[in-house]
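Data block below; observations after.
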Amino acid sequence: SLSLSLMEMASMARCGSSASPLPSRTAIPWKRAARVTCRKPTTTAVTAPTWGWGRKVARGGSRRATAIAARKREIEGATEEMNAIASRDMDSAAARRAVRATFAGAQQRLDHFLFKMAPTGIRMEEIYEKNSEGLEIFWKRWLPSPGIPIKGTLFFCHGYGDTCTFFFEGIAKRIAAAGYGVYAMDYPGFGLSEGLHGYIPNFDELVDHVIEQYTVIRAMNEVRGLPHFLLGQSMGGAVALKVHLKQPKEWDGVVLVAPMCKIAEDVTPSRPVLTTLTIMSYLLPQAKLFPTKDLAELAFRDPKKRKMVSSPLLILHGAADKVTDPLVSKFLYNNACSQDKTLKLYEDSYHSILEGEPDDRISAVISDIISWLNSHCAIV
């Protein structure tokens, strides 16, 4: 894994005070999104705004350009059938699910620490269920092997452009093997859940979707009476914090990994990265624009909100992170009113400390999470 997904990098290149906007793109006010077609290097055609999670209003665009882009996105070594599936419009949940089903086997064979020597005997289940807005939400659980008592539960909030069915699979298995029930969902519009791909119309609405789904899960017999913890990574850190602020008495602790409480000031992409993203904007002519206002800014730019963090708190951050500022994690640690808080910075580590670092560092971060959970559960 790269330290930051292309989708996240593209988003950050288009938002924030210090990030440079991509050429031939149009800035869009918060709570509005648009579809963009780049016909020429100096021309941009913007379609009508999109107002709902699963609704797309498309106007204009180039079918020929889209077809060309699909051909150019062929995956080396993949079969023609695989490439045909991977080139579909990912705005459809059905298409995203087809891609996942096609490449799931290959994913598990990747030469990556999280997929190598994964714990065995873990009980797993994947569920699709409608939420209050009628959207089909995907969630998954990982439970310890039969006979191993469950010490507590961990609920995961993923980052922008992420899903709970890729690298987190390996993370969840290791935490489940330590005696925890692990639960994760794909936000509406992400991964295998329904909704316009990657579109977040409102941060509070996203948080409410997470609260709704995890409230349903926490009411299940298998987890009643157990300690409940939140785990948020990158943008998911901001989501987890906001969930805690809305439900301060419902959670027994919060674990934040490189939380996006503020994008680092020096995130301006280098010229090669900016060139790559510019080319991608032509290869993906209908790529969505990210709202110009930081998602995290809406939730935690106000220092008073950081002080409201009262649950036991574990913050893990790469000291060399160039995406989310570790200094802000220090500020959160110093100002949170919680009497039980821990901050750990990993020297020479970047943003993706759970999947983008050397094997020994990834293992150390997961072990630190498990050790902290053990110390906050009645059964050790």
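Please rank 350, 199, fewest neighbouring Cβ atoms within 10 Å first, as an exposure proxy. Mind showing how you got there, number by number?
Details: 350 18, 199 22.
Lowest count first: 350, 199.
Evaluate 2.2 N^0.38 Å with N set to the residue count of the stretch 162-221, then give the Cα radius of gyration divided by it. Intermediate results must be reported in sequence, preceding the final value.
Numbers: Rg = 13.0 Å, N = 60, 2.2 N^0.38 = 10.4 Å.
Computed over Cα atoms of the stretch 162-221, the ratio equals 1.25.
Work through the residues other than residue 108 whose Cβ is under 15 Å from its Cβ and net out their charges, Lys, Arg +1 and Asp, Glu -1.
Numbers: positive: 100, 109, 116, 140, 173, 174; negative: 111, 126, 169, 355.
It works out to a net charge of +2.
Find, to one decimal place in angstroms, the Kirkwood hydrodynamic radius of the stretch 71-180, where the mean of 1/r is taken over every pair of different Cα atoms and then inverted. It would help to have the intermediate numbers written out before the result.
On the way: mean 1/r = 0.0626 Å⁻¹.
By the Kirkwood definition, the hydrodynamic radius is 16.0 Å.
Multiplying the sequence separation of residue 108 and residue 246 by 0.36 nm and subtracting their Cα-Cα distance, what value in nm do you get?
Values: separation 138, 0.36 × 138 = 49.68 nm, distance 3.65 nm.
Here the answer is 46.0 nm.
Ordered by packing density, taken as the mean number of other Cβ atoms within 10 Å over each peptide's residues, highest first, how do 327-333, 211-217 rank? Display every interim value, and only then the final one.
Details: 327-333: 19.6, 211-217: 17.3.
Final packing ranking: 327-333, 211-217.
Under a crude label model (7 Å from the Cα following the beta-carbon direction), how far is residue 359 from residue 145 in nanometres?
Taking the simple label geometry, residue 359 and residue 145 are separated by 2.1 nm.
Calculate the FRET efficiency for residue 348 and residue 120 from the Cβ-Cβ distance with a Förster distance of 25 Å, rounded to the nearest 0.05. Let's see the in-between values first.
On the way: r = 33 Å, r/R0 = 1.31.
Here the calculated transfer efficiency is 0.15.
Roughly how many debye, to the nearest 20, is the charge dipole of the stretch 147-214 about its Cα centre, given +1 on each Lys and Arg Cβ, -1 on each Asp and Glu Cβ, and no other charges?
Numbers: 3 positive and 8 negative charges, 108 e Å.
Computed about the Cα centre, the dipole is about 520 debye.
What is the fewest-to-most order of 338, 352, 375, 132 by other Cβ atoms lying within 10 Å of their Cβ? Provide the component values of the computation, followed by the final result.
On the way: 338 16, 352 24, 375 13, 132 9.
By the 10 Å Cβ count, ascending: 132, 375, 338, 352.
Which far-off residues, 5 or more places away or on another chain, put their amide H under 5 Å from the one on residue 154, with H placed in the peptide plane?
181, 182, 183, 229
Using a 10 Å cut-off on Cβ atoms, rank the peptides 177-188, 311-322 from the highest mean neighbour count down. Intermediate results must be reported in sequence, preceding the final value.
Working: 177-188: 24.5, 311-322: 21.9.
Result, highest mean first: 177-188, 311-322.
State the Cα centre-to-centre distance between the stretch 321-380 and the stretch 98-131 in whole Å.
24
Sum up the charges of everything whose Cβ sits under 9 Å from the Cβ of residue 118, counting Lys and Arg as +1 and Asp and Glu as -1, but leave residue 118 out. Working shown, then result.
Numbers: positive: 116, 173, 174; negative: 169.
Result for the neighbourhood of residue 118: +2.
So for the stretch 117-187, what percent of the C-alpha to C-alpha distances run longer than 18 Å?
Values: 952 of 2485 pairs.
The proportion of pairs with Cα distances above 18 Å equals 38 percent.
Give me 229, 203 ranked fewest to most by other Cβ atoms within 10 Å of their Cβ, as a rough exposure proxy.
Working: 229 26, 203 22.
Going from least to most buried by this count: 203, 229.
No value in this document is a laboratory result; all are computed from the given coordinates. Small disclaimer: the values here were computed from a predicted structure and weren't measured. Using ideal geometry, Cβ is built from the backbone for each residue, glycine included, and neighbour counts are taken over all protein chains shown.
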